[in-house]
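Single-structure report; data block below.
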Amino acid sequence: MTRHYEDLQVGDVFEVGSCEVTKLDIISFAEQFDPQPFHVDEEEATDSMFGELVASGLHTLCLSVRLFVTEFVQSEEGLANMGGLGMDKLEWHKPVYPGNTLNLRIEVLEKTPSSSRSDRGYVMFGREVCNEHGEAVMTNVSNNVVRRATAE
């Protein structure tokens, strides 16, 4: 059963998925997209403000998107997601280290029906990525277009 716009209520919370971040994942991602020394070189990372190798914030963001899609949108219950309109309030709170396991918490913050298209509504989701200790490592708000059940 797919969740539609009408099925979501402000305040609904979904705890979805998890993924372990490995040293190889961190280096591979960073070599392609954020090749700063503290993301690609363990030795140089010891001289950084982190003191050791850490994941790029962009890597953490991409992992959160993957969890949102594979563990929420495409889950058994699913979400009738039509796409995204953007993200706001992106913040990195703590570094992500090799061996951390990340979990995603999603909260429905706001809903607005489309005034021009009856097949959809707009949903603001608060996303919080936490490590295995329950510490928030990243937060953001995503603005999604969600299909209305009445449109089917």
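For the chain, the longest principal axis of the C-alpha atoms and the axis of helix 23-33 are separated by about 80°.
Sorted from longest to shortest, the spans of the Cα atoms of the chain along the three principal axes equal 57, 26, 22 Å. In terms of surrounding Cβ atoms within a 10 Å radius of their Cβ, CYS130, CYS62, CYS19 rank from fewest to most as CYS62, CYS19, CYS130. Between amide H atoms placed 1.01 Å from N, distances below 5 Å from ARG120 occur with SER114, ARG148, all of them 5 or more places distant or on a separate chain.
The length gained on full extension between SER48 and ASP119, counted as 0.36 nm times the residue separation minus their Cα-Cα distance, comes to 20.5 nm.
Taken together, the values in this text are just the output of simple stated rules run on the coordinates, not laboratory data. These numbers were taken from a predicted model, which means no experiment stands behind them. FYI the Cβ positions are ideal-geometry reconstructions off the backbone, even for glycines, and counts take in every protein chain you see.
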